[in-house]
Each structure stands twice: as C-alpha cells, then as structure tokens.
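**Student:** Can you keep this structure in mind? I'll have questions shortly.
The values are calculated or read from the model by the stated rules, or taken from the named source; none is laboratory data. A quick note: this is a predicted structure, and the numbers were derived from the prediction, not measured. Cβ placement follows ideal geometry from the backbone for every residue including glycine, while neighbour counts extend to all protein chains displayed. Surface areas here come from the heavy atoms of the whole protein model, side chains and all, with no ligands, DNA or RNA. Shrake-Rupley method; radii C 1.70, N 1.55, O 1.52, S 1.80 Å.
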Amino acid sequence: MSSMIPPTASLVKYDNPVVVSKTSDKKSKGRSLKSSQQSTIAALGSGGPVPSPPKAKLPPVESQKNQQTEEILNSILPPREWTESGQLWVQYVSSTPATRLDVINLQEQLDTHLQQRQARETGICPIRRELYSQCFDELIRQITVECGERGLLLLRVRDEIRMTIAAYQTLYESSVAFGMRKALMAEQGKADMEQLIKDLEAEKRELEQQVMELKNKCDAIEKRETEKRLLEEKKHQEELQSLKKTNQQLKAQLEGIIAPQKK
C-alpha cells in the first residue's frame, strides 16, 4: 500500500483520517449524518431539545453532549474526503476543546502561513483571504466545542460575511469589465479622432494649396492689369500730346491766315 497523501494543510484542526472501505458505507453514513445534523440544527434554531439518534440504551449525558457537539461541528465544517489507492479516506474536524496555548499557536501558524505563501498586506489578496477564512473557521470550531448555539450564530456571521464579500467581488468584476469596455471604446474613439485629424489636416493642406494658387493667379491678373493700365495711360498721353500738337499747329495756321487779312 502506498503512503497516504493528505489534503492541503489547513489552519482548522482535524482529527486523524480514517479509511472508509466501501462506498456504500460512506453513503449510508453520510445520509444518517446529514439527517442527524438537520434535526440538530432545527432543534437548536427553535430552542427545543436536541433529538438523539435512536439506540437501544440511552447514552450518558456527557456522551450525548459530545455527539451533539460533533454533529454541529460536522454541519458547520464538513469532513474532508479524498480517494487514494482505491480507498476512501475521511477526516473529521476535531472536537477537542482549545486552550490558551492553542490560540497562541493558531496566531503563530497564521503569521507563518502568510509569510510562506507571500500574501500581500494590503489590497485584494486571495491567499490572505483564504488564510483568514481558515483562521475564522478554527475559531468557530473552538467556540462551538464550548457552546454549540454560539457556534451556529458565528456560522451565520461567517456566511453573511462571505455573501458580502462575494457581492463586492461581483461588483468589482463588473466595474473592471465596464472600465475595460470604456477603455476600448475610448481607444477606438481615439483612433477615429486621429483619423479625423489626419483627414482635416489633409483637407487643410489642399485648401492652403488652393489659396496659394488663387493668390498667385490673383497676383498675375493684378500685374497684367497694371501693365495694361500703364500701357493704356501711356497711349492716352501720347494721343493727348499728339492732339495738343495738332491743335497748336492748327492754331498757328489759323493765326497766320487771320493776320494778313488785318493788315
């Protein structure tokens, strides 16, 4: 037979594992344990007496109390099960009362596990959360051994805390997904905006080129019109000078004709 490979180490204190040779034994034991646990929890919730399993003889009060404590512990912290070499191993949570030394050892083990597994001190850390959850389960076990009703109340507190954490985790995941969608939309919008900027810059360059061409055309037209105006003014001045000269010649001829007649 090969050596047993135990499950992952936990801060919760368990008894030594036992072998369940047949699967039918496990099923029948699980059914009887489950029905017994349900009746125990229902009785504790209603404030009535806890029914004990039917036996031929009534067990002692101390034995009945221990059995009730074990049933509550198994309902709060179910036994661990694994299969190896064709055999089923079961490990139940310990019902041994805790001492002050056990609490100190639990604190030291918690610190050691946090360092060994390199849990982060701040922020979201699944490792730190798992270890503190195991520590809280061990504290619930220790308190349940002393008082079952107090342990069931702490079980409600633990479940409420887990529900709250799960709700916050869901909210965190949805917010992260929303942020990613917004980031992708912003990235896509950025690409579209950059393309729009490139198109506008290209259009601007085309318009500037058109302005430059129109300005050059305007300057050429203005230059041509200026030269044409100067040419027309020069021509006009020449015609004017020619007419003045002709006028003077005609005037001189007229005076030459009129002057002899006066003599």
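**Student:** Looking only at segment 110-146, count how many residues are among the β-branched types (Val, Ile, Thr) and not in a helix (DSSP H, G or I). Show your work before the answer.
**Tutor:** Initial filter on segment 110-146 (among the β-branched types (Val, Ile, Thr)): 112, 122, 124, 127, 140, 143-145.
Still in the running and not in a helix (DSSP H, G or I): 122, 124.
The qualifying residues number 2.
**Student:** Then there is this: How do the pairs read when you match residues in segment 1-20 that are within 17 Å of residue 132 (Cα to Cα) and assigned to a strand (DSSP E or B) with residues anywhere that are at pLDDT 80 or above and open to solvent by 60 Å² or more (accessible area, probe 1.4 Å), using Cβ under 7 Å and keeping only pairs 6 or more apart or on different chains?
**Tutor:** Going by the 7 Å Cβ cut-off, there are no qualifying pairs.
**Student:** Oh, and also: So residue 97 ticks every box in (1) within 21 Å of residue 12 (Cβ to Cβ); (2) surrounded by fewer than 16 Cβ atoms within 10 Å (Cβ to Cβ); (3) free of Cβ contacts under 8 Å to residues at least 40 places away in the same chain but one. Which box is left unticked?
**Tutor:** (3)
**Student:** Take residue 159 and decide whether it is over 30 Å from residue 66 (Cβ atoms) and open to solvent by less than 100 Å² (accessible area, probe 1.4 Å).
**Tutor:** Values: over 30 Å from residue 66 (Cβ atoms): no; open to solvent by less than 100 Å² (accessible area, probe 1.4 Å): yes.
No.
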